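Below is one structure, written out as structure tokens, with a few remarks after it.
The values are calculated or read from the model by the stated rules, or taken from the named source; none is laboratory data. Remember, it's a predicted structure, so these values are computed and weren't measured experimentally. Here the Cβ positions follow ideal geometry from the backbone for every residue, glycine too, while neighbour counts run over all protein chains shown. Please note that ligands, DNA and RNA were not included when accessible areas were found on the heavy atoms of the full protein model with its side chains. Shrake-Rupley method; radii C 1.70, N 1.55, O 1.52, S 1.80 Å.
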Amino acid sequence: MKREIIITADGSSTIHIPEWNEQYHSKHGAIQEAYHVFIKHGLHHVFHTLKKESDVTSSAVEKSQDISILEIGFGTGLNAFITFFEAKKLNLKIDYVGVEGYPVASNEIVHLNYVTELNAEAHDMVFQNIHNISWENQHQINENFTLTKQEKMFDDIDDKNKFNLIYFDAFGARVQPELWTETIFKKMYMALKEKGVLVTYSAKGSVRRAMQSVGFTVERLPGPPGKREMLRATK
């Protein structure tokens, strides 16, 4: 299928598939969507929940906290890149696993403008490394962030009680309904630790019901620009 780089409403780029009329990120703002859905309502939520449950005292705040993340749809690497920055800000050690069935080509990656749009020129090599490192192996990106990229189909995921957080960033149910089924969400449920969280930009009723049917407690939350709602599911 034809693929093209487009600029979204916040100035950041994404990949557009004309045949599907579908993008890797929201046309209303790729970076805005990523921060709103996956960082604000995902990573920050999990961070503050774990911190509260641990009853962290002021004398222990300087200790780093470990959070494991599974991304469903590694794609452009945007979510991994901004999570890398948040790990440092929050004093987290993040073990990040990104699953992708069809890796983005290198000639597309060079046209993605996330480094400049995030004013992250000092970390340009980090973005390059995220894409250049080998698949199937764990890599230490820095002291706060390890990354493992896995090239496989989502229905091949068989992790058990491994992750605190899942970024569910697959193509929408309109074009790939098979990725938003009870079968897939059962795998997500099993992959999460107790009280683990899954966040996604989708708010479809069928998606919410599929999540609930496998045991998730599901919240509707305000969506990113261009969407009224999104979903957060807790095990």
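Plainly put, the range 63-119 has a radius of gyration that is 1.02 times its Kirkwood radius, both from alpha-carbon atoms, as the Rg/Rh ratio. For the chain, the solvent-accessible area works out to 47 Å² per residue, with a probe of 1.4 Å and every protein chain left in place.
Within the range 147-226, list the trypsin sites (Lys or Arg not before Pro) lying in a DSSP loop whose Cβ has at most 15 other Cβ atoms in a 10 Å radius. Before the final figure, lay out the partial values.
On the way: sites: 149, 152, 160, 162, 174, 186, 187, 193, 195, 204, 208, 209, 220; in loops: 152, 160, 162, 174, 204.
Passing both the DSSP loop test and the Cβ count: 152, 160, 162, 174.
Taking amide H as placed 1.01 Å from N in the peptide plane, the amide H of residue 162 sits under 5 Å from that of 192, 193, each at least 5 places away or on another chain.
Leaving ligands, DNA and RNA out of it, report the carbon-plus-sulfur percent of the accessible area of the chain at a 1.4 Å probe. Present the calculation step by step, with values, prior to reporting the outcome.
Numbers: 5260 of 10940 Å².
The C+S portion of the solvent-accessible surface of the chain is 48 percent.
A 1.4 Å probe, protein heavy atoms only, puts the accessible area of residue 194 near 140 Å². Eigen-decomposition of the gyration tensor built on the alpha-carbon atoms of the range 32-181 gives equivalent ellipsoid semi-axes of 25, 20, 15 angstrom, largest listed first. Surface listing: 135, 180 arranged by accessible area from highest to lowest gives 135, 180, probe 1.4 Å.
Would you mind giving the average projected area, over all directions, of the Cα convex hull of the range 169-229 in nm² with one decimal? Show your work: numbers first, answer last.
Values: hull surface 16.7 nm².
Taking a quarter of the hull surface, the average projection is 4.2 nm².
Centre-to-centre, using Cα atoms only, the range 1-38 and the range 161-235 are separated by 20 Å.
What pairs from 88/152; 89/187; 2/152; 40/149 go past 27 Å between their alpha carbons? Long pairs (Cα-Cα over 27 Å): 88/152; 89/187. Calculated mean residue ellipticity, 222 nm, the chain: -7000 deg cm²/dmol, from DSSP H runs (n ≥ 4) at -39500 (n - 2.57) each, averaged per residue and rounded to 500.
You can think of it this way: the chain between residue 142 and residue 28 has 37.9 nm of extra reach, that is 0.36 nm per residue less the Cα-Cα gap.
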